[in-house]
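Student: Mind looking over this structure? Questions follow.
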Amino acid sequence: TAIAALRFLYTVTLERDWVPEEVLPLPKKPQRLPIVLSPEEVERFLGCVLDIKHYAILNTCYAAGLRISEAVQLKPTNIDSQRMVILVEQGKGQKDRYVMLSPKLLEILRNYWKVRRPEAWLFPGDRAGQPITRDAVGQACAKAHDLSGLSKPVTPHGLRHAFAVHLLEAGADVRTIQLLLGHRSLATTAHYLRIATNKVCATSSPFGLLPRPAPTMPPPAKPQYF
């Protein structure tokens, strides 16, 4: 960019003893809020996933809030039905963590296992000994989205966003959600506070505190031609 070129000129070519960020700050990138599915829209979408393996992995992305890179790497031994947790091994940042195992998700995974009998990988791919690819899950997601007729975009990562927002709207605290999502910084998780609609709707508008009612508007004039 032009700003990057100027910073290089002054600091490297001309060897000026300046702090580039102070003299020529980089423009801020616009921060857009992700579009989040409602619980009803998530249910509608998942109901359109026809393949049992794709159905199981996309339900896992939502029910456990997993990144798609984490979901494809799951092994059958990561599912702990005694403690009702899922072990996510070497997630982002090379850190292991536990996430909750919903009883409903456990039932879905058990039904899937009875049909497919996965061994090394919980969600094996087409190539022998390899897990399902992220692209394959993305294609299955796109196909289900077309069938659902939803106007909102749906991606595996969007299901993770929905997981976080729905937890917030159900009253979970941000710190717990941070641990479940595997975020290093609490500030990253706090972004979901801007999306949770119940936090916004729970605050009353000052308009309702005005002492006088709004004036009655006069009736509109009768149309001239009809």
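Student: Does W113 satisfy being part of a loop (DSSP other than H, G, I, E, B) and aromatic (F, W, Y)?
Tutor: no
Student: If you don't mind, there's one more thing I want to ask. Against the conditions (1) more than 30 Å from L87 (Cβ to Cβ); (2) hydrophobic (A, V, I, L, M, F, W, C); (3) at pLDDT 70 or above; (4) assigned to a loop (DSSP other than H, G, I, E, B), where does L147 fall short? Just the number, please.
Tutor: (4)
Student: Please work out which one of (1) in contact with a helix residue (DSSP H, G or I) (Cβ under 8 Å, 6 or more places away or on another chain); (2) within 16 Å of L181 (Cβ to Cβ); (3) at pLDDT below 95 is the condition L159 fails and give its number.
Tutor: Tallying (1) in contact with a helix residue (DSSP H, G or I) (Cβ under 8 Å, 6 or more places away or on another chain); (2) within 16 Å of L181 (Cβ to Cβ); (3) at pLDDT below 95, L159 fails exactly one: (3).
Student: Can you say whether T133 is β-branched (V, I, T), modelled with pLDDT of 70 or more and touching a Gly at 6+ places or on another chain (Cβ under 7 Å), as far as the supplied structure shows?
Tutor: Considered against the rule, which asks whether it is β-branched (V, I, T), modelled with pLDDT of 70 or more and touching a Gly at 6+ places or on another chain (Cβ under 7 Å), T133 comes out as yes.
Student: Within segment 170-182, does at least one residue satisfy the condition of being surrounded by 13 or more Cβ atoms within 10 Å (Cβ to Cβ), free of Cβ contacts under 8 Å to residues at least 60 places away in the same chain, outside any helix (DSSP H, G or I) and within 18 Å of the chain's Cα centre (by Cα)?
Tutor: Yes, segment 170-182 contains at least one residue that is surrounded by 13 or more Cβ atoms within 10 Å (Cβ to Cβ), free of Cβ contacts under 8 Å to residues at least 60 places away in the same chain, outside any helix (DSSP H, G or I) and within 18 Å of the chain's Cα centre (by Cα).
Student: When you look at E21, is it out of contact with any helix residue (DSSP H, G or I) (no Cβ under 8 Å at 6 or more places or on another chain), surrounded by fewer than 18 Cβ atoms within 10 Å (Cβ to Cβ), assigned to a helix (DSSP H, G or I) and at pLDDT below 95, yes or no?
Tutor: yes
Student: A further question on this structure: Of G158, G149, G138, G129, which residue is surrounded by fewer than 12 Cβ atoms within 10 Å (Cβ to Cβ), closer than 27 Å to L37 by Cβ, out of contact with any strand residue (DSSP E or B) (no Cβ under 9 Å at 6 or more places or on another chain) and of a type outside the set (F, W, Y)?
Tutor: G149
Here is a yes/no grid of residues against (1) exposed (fewer than 12 other Cβ atoms within 10 Å of the Cβ); (2) touching a Lys or Arg at 6+ places or on another chain (Cβ under 8 Å); (3) modelled with pLDDT under 95:
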{"residue": "L14", "(1), (2), (3)": "yes, no, yes"}
{"residue": "L26", "(1), (2), (3)": "yes, no, yes"}
{"residue": "K29", "(1), (2), (3)": "yes, no, yes"}
{"residue": "I35", "(1), (2), (3)": "no, yes, yes"}
{"residue": "I68", "(1), (2), (3)": "no, yes, no"}
{"residue": "K75", "(1), (2), (3)": "no, no, no"}
{"residue": "Q82", "(1), (2), (3)": "yes, no, no"}
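The values are calculated or read from the model by the stated rules, or taken from the named source; none is laboratory data. Everything quoted here is computed from the prediction, not taken from an experiment. Don't worry about glycine lacking a Cβ; one is built from the backbone with ideal geometry, like all the others, and counts go over all protein chains shown.
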